[in-house]
Amino acid sequence: MKPIVFLWLLAVIVAAFLWSPPASGFVGESSRIVFFHVPAAWVASLAFLISGYWSVRFLRSRDLEHDMKAAVAVRQGLLFTVIATVSGSVFAKVMWGAYWNWDPRQISITLLLFIYAAYLVLRQSVDDPLRRAHLSAVYAIFAFITMPFFVFVIPRLYFSLHPDTFINAGGKIEMGGRILATFLASLAGFTALFALMYRLECRLERLLLAKGEHA
Amino acid sequence: MNRIAVEGVSYAYGRHPLLQDVRFEARTGEVLLVRGPNGSGKSTLLRLVAGLLHRPSGRVRFLEGDREVPEGDLRARLGMCAVEQNLYDELTALENLLFFGRLRLGGDCAGRAEALLGRADLHPHRHKPVRSLSSGMRQKLKLLAAVVHAPGFLLLDEPGSNLDARGMEFLAGLVEEQKDRGPVLLATNDPREFGHGTREYALAL
Amino acid sequence: MARASTPWLSEAAAIFLKDLRSELRTKVAVNSIVLFAVITLALVSYTIGPYRIPPAEKPAILSALLMIILFFASMTGLSRVFVKEEEARTADTLRLAADPQAVFLGKLLLNLLTMAGVTAVVVPLFSILMEFHPMHICSFYGITALGMLGLTIASTLIAAIISKAGNKGALFPILAFPILLPLLLATADALSKAAAWPDLSFMGQALGILVSYSGITFFAGLILFEKVWRA
């Protein structure tokens, strides 16, 4: 599985820079960021969803394994959120002249950063594993529940420069053949990479957990 | 006939196992002494029985006859007095008893509260804030708060701490009366309290 | 067979009255929030004052400042309802005696009363010091009240979480911020419109957001609280 994903991503990188043409309407080659920025943002949101799912599961089962899966999702989500934020800022600088534009999407992703960071600080502040698991699960779920307000409120307060996502408001696919193919391949590649990393870290955590119990 | 059945309860602090497969049963008329050296897990065991700590394994059942008391009803049936469970400092002795009585019984228990205060020689102090009571008086008040609702099950963790000879007599009377209502678990290392026990469960380090 | 216990509304009232009595005897929470708010308010008026802001910018800037003051002030006192129980070691005594939902409701009621008092002092004072005279005064105060309602509900659940963690003081605003951000932004926006807009056409959407935020966090809090309380 691992070599396939690596080869796939290698092919995506080559295609993103050499095979796919730059999209019209963007400065220079800047449109190529879409192949890395959007998949990273997608994985960041996916990780948030997964942490919410395992948090609910934990509250039902009180199984520390479920708590561990939620925490790993948050840690990796944070990584991908940072990648999406930084790559987005670079694109914003090239395209609009400033790293930070107070775009609704930029603000939304910082909220995700704040939630992830708060979640991890909370975990560090509790020693007892069961108590830590309960508190962080409740916090993740509560953050998840209030998130829709943010998604609703922000676009009404800030004006957006952000390009439409690849399916625009009219439901029409905006991308040309090669761009679309590369983009979808990258999306699949990033998701697979995340799945790989996620399973790897869960395995590691499981070993640490077992060591802690039997040592 | 009330029974507390502890079935295979274990507990560990991190990687240090503290209690392993604890099993016992106590019934009405019995005062089960839980003994063991410091750090053997007496307080933890009582907290596990009361449900103040999540039980990672095993279970605890509270039975009235053959009927198991549902978790939600337990607060009206169970009383507990332990070192780390304080009353409200800025409220008076009587206010504390009325508050806990109201939560657990739903009604006003002023009559019973006043009578209990009298038995513990605390009646003259009933309008003083708990903060201003001596440690012995506070201990007696904690014991009263644990039985204000005449619970069917009672857990006592070092109930004699800070009590003088007269306080110990009061405690003896309280335990004697309570064991007719239901089982009492009494965790202690104080030889003055051993006499209350009808049976013993020893914890080792 | 004895009836289990009280209906939880009257139990919540008993817990509320118990906390109110403690609070009236010590007045720690109200005093600390009001003082903190007044200090921030003084800082804002000394450094900015009413005349350095161009009149056209006043509604937006002052509404935002008001929200910031109320947010940080609330963070100094709203956690006390739970932190005090843990620190005075009364939490276990209460846990054994009370229904969790009644605890949440009782604590929430006290926090609501506290914030109502704080708002009643701070907002008029802010209006006077900053020469902030909203166009639609009733809508302005109504929005403030609804905003504080949502803030208090969400903060009460967060307060329960941090009371069981270490490093409580710093943790409270860190955890509360991402949860409260949409509410604070929506309230500040609605306040600035109540201050300056010619009509009240914005009210429908503002009320929709604020009321649904309070409603959803209230029910989520009621359900999730037990997991925190017993953690």
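Computed values, structure above
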item: Hits in segment B:8-20 - residues which are under 22 Å from the mean Cα position of the chain (by Cα) and exposed (fewer than 14 other Cβ atoms within 10 Å of the Cβ); result: B:Gly8
item: Test: residue in segment C:95-109 that is more than 14 Å from chain B (Cβ to nearest Cβ) and surrounded by fewer than 16 Cβ atoms within 10 Å (Cβ to Cβ); result: no
item: Test: residue in segment C:147-157 that is surrounded by 21 or more Cβ atoms within 10 Å (Cβ to Cβ), touching a helix residue (DSSP H, G or I) at 6+ places or on another chain (Cβ under 8 Å) and more than 24 Å from C:Ala194 (Cβ to Cβ); result: yes
item: Given (1) polar (S, T, N, Q); (2) farther than 25 Å from C:Ser163 by Cβ; (3) under 19 Å from the mean Cα position of the chain (by Cα), number of the condition A:Asn101 does not satisfy; result: (3)
item: Helices (runs of 4 or more DSSP H) fully within segment B:83-152 counting 3 or more residues that are away from chain C (no Cβ under 14 Å); result: B:110-119, B:135-147
item: In segment A:24-52, the residues that are assigned to a loop (DSSP other than H, G, I, E, B) and closer than 14 Å to A:Phe91 by Cα; result: A:Gly25, A:Phe26, A:Val27, A:Gly28, A:Glu29
item: Close pairs from segment B:5-18: first at pLDDT 90 or above, partner among the aromatic types (Phe, Trp, Tyr), Cβ under 7 Å, at least 6 apart; result: B:Val6/B:Phe24
item: Residues within segment A:107-146 that are without any contact (Cβ under 8 Å) to a residue 24 or more places away in the chain, of a type outside the set (Gly, Ala, Ser) and either assigned to a helix (DSSP H, G or I) or within 7 Å of chain C (Cβ to nearest Cβ) (or both), tallied; result: 11
item: Pair list, Cβ < 8 Å and 6+ apart or interchain, from segment B:61-74 residues that are within 16 Å of B:Arg27 (Cα to Cα) to residues that are surrounded by fewer than 17 Cβ atoms within 10 Å (Cβ to Cβ) and of a type in the set (Asp, Glu); result: B:Arg61/B:Glu7; B:Arg61/B:Glu68; B:Phe62/B:Glu68
item: Some residue of segment C:126-142 being buried (at least 18 other Cβ atoms within 10 Å of the Cβ), over 30 Å from A:Pro129 (Cα atoms) and within 14 Å of chain A (Cβ to nearest Cβ); result: no
item: Scope segment B:157-202; condition crowded, with 17+ Cβ neighbours inside 10 Å, in contact with a Ser or Thr (Cβ under 8 Å, 6 or more places away or on another chain) and either on the phi > 0 side of the Ramachandran plot or in contact (Cβ under 8 Å) with a residue 40 or more places away in the chain (or both); matching residues; result: B:Asp157, B:Glu158, B:Pro159, B:Lys179, B:Arg181, B:Gly182, B:Pro183, B:Ala187
item: Residue count for segment B:23-32, restricted to those that are assigned to a strand (DSSP E or B) and in contact (Cβ under 8 Å) with a residue 60 or more places away in the chain; result: 5
item: Some residue of segment C:160-174 being surrounded by 16 or more Cβ atoms within 10 Å (Cβ to Cβ) and more than 13 Å from chain A (Cβ to nearest Cβ); result: no
item: Any chance C:Ile68 is of a type in the set (A, V, I, L, M, F, W, C), within 18 Å of C:Thr152 (Cα to Cα), surrounded by fewer than 23 Cβ atoms within 10 Å (Cβ to Cβ) and more than 14 Å from every other protein chain (Cβ to nearest Cβ); result: yes
item: Qualifying residue in segment B:43-62 (condition: away from chain A (no Cβ under 14 Å), part of a strand (DSSP E or B) and in contact with a helix residue (DSSP H, G or I) (Cβ under 8 Å, 6 or more places away or on another chain)); result: yes
item: Test result for B:Gly79, at pLDDT below 90, surrounded by 19 or more Cβ atoms within 10 Å (Cβ to Cβ) and at the interface with chain C (Cβ under 9 Å from one of its Cβ atoms); result: no
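The values are calculated or read from the model by the stated rules, or taken from the named source; none is laboratory data. All figures in this text were calculated on a predicted structure; none of them were measured in a lab. Note that we place each Cβ from the backbone using ideal geometry, even for glycine, and neighbour counts take in every protein chain shown.
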